[in-house]
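Chemist: I have a structure here, written as structure tokens, and I will follow up with some questions on it.
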Amino acid sequence: MGRRRIVAGNWKMNKTPTEAVALVEELKPLVKNDDVDVVFCVPAIDIIPVVEAAAGTNIKVGAENMYFEDKGAYTGETAPGMLVDAGVKYVIIGHSERREYFKETNEDINKKVLKAFEYDLIPIMCVGESLDQREQGITMDFIRQQVKVGLLGVTAEQAASMVIAYEPIWAIGTGKTATTEQAQEVCAAIRVCICELYGEETAEAIRIQYGGSVNTKTASDLFAQADIDGGLVGGASLKADFGAIVNA
Ligand code: PGA
């Protein structure tokens, strides 16, 4: 198993451009680790100063969202070509907050994933169930649907290069991390789903993160699981803790 670990911070709607540069300066020495891909996914307006502040380090910069059209009359949206030109390598697609508050559907997310690949951006596609769905026992049906629709038209080679983040909605920002068993179980099932769609080789290559209240205490157990290749970290990515998580 040669999958390289990937730990990404999701800053959400936090940090002004000035604050963003200060945070990069603070975290730079703490996240130095050549064995892990380290990604800072930041608000669109912070991308350019963060790319500049992170130049010459191991930090890669990601966006938190993008639109699925190349350009045009879509007021307020960010085009994939703009991200590439600004130095972005990764893009979070289909975060549960975008699904919930901005009504993004699996179909929208699929369009964004396909568009990201057109521009050689690496999608971090988020999936995850609500507490209701978990209690109803439909977690895996729901997540398999998100994965399958999200990846329609994606080739095996593209799928192998991307990242899927499993983020149970009930664990996001709640301080209630999923247990390592719960997280591993779903990440393993996502890998089985990828195997059914694309075969063994792609399933072995694709990287699957866990996200949802990852902190300095829970990270090392989570990242030690066979099918968890790193994490997508919200709250704890905005402070020095992120360094310990990268090194967990
Ligand atoms: P959290 O957020 O770590 O603050 O729970 C994770 C995410 O939403 O990506």
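The values are calculated or read from the model by the stated rules, or taken from the named source; none is laboratory data. Note that the structure is predicted; figures quoted are calculated from it, not measured. Glycine gets a Cβ as well: all are built from the backbone with ideal geometry, and neighbour counts include every protein chain shown. Each accessible area value is taken on the protein alone, full model and side chains, heavy atoms only, with ligands, DNA and RNA left out. Shrake-Rupley method; radii C 1.70, N 1.55, O 1.52, S 1.80 Å.
Chemist: Restricting to region 182-233, what's the tally of residues that are within 14 Å of the ligand (Cβ to nearest atom) and of a type in the set (S, T, N, Q)?
Modeler: Within region 182-233, residues that are within 14 Å of the ligand (Cβ to nearest atom) and of a type in the set (S, T, N, Q) number 5.
Chemist: Any idea which of (1) at positive phi; (2) away from the ligand (no atom under 14 Å from the Cβ); (3) open to solvent by 30 Å² or more (accessible area, probe 1.4 Å) is the one S161 doesn't satisfy?
Modeler: (1)
Chemist: Let me ask another. Just checking, does region 167-179 include any residue being closer than 19 Å to A226 by Cα, open to solvent by less than 30 Å² (accessible area, probe 1.4 Å), more than 16 Å from the ligand (Cβ to nearest atom) and within 14 Å of the chain's Cα centre (by Cα)?
Modeler: No: zero hits.
Chemist: Further question: Pairs please, first residue from region 221-245 and more than 21 Å from I169 (Cα to Cα) and open to solvent by 30 Å² or more (accessible area, probe 1.4 Å), second anywhere and assigned to a helix (DSSP H, G or I) and within 15 Å of the ligand (Cβ to nearest atom), Cβ atoms under 8 Å, 6+ apart in sequence or on different chains.
Modeler: A244/A219
Chemist: Right, here's the next one. If you go through region 117-131, how many residues are within 10 Å of the chain's Cα centre (by Cα) and either open to solvent by less than 10 Å² (accessible area, probe 1.4 Å) or modelled with pLDDT under 95 (or both)?
Modeler: Of the residues in that region, 5 qualify.
Chemist: If you don't mind, there's one more thing I want to ask. Kindly establish whether V42 is buried (at least 19 other Cβ atoms within 10 Å of the Cβ), under 19 Å from the mean Cα position of the chain (by Cα), more than 22 Å from M125 (Cα to Cα) and at pLDDT 95 or above.
Modeler: no
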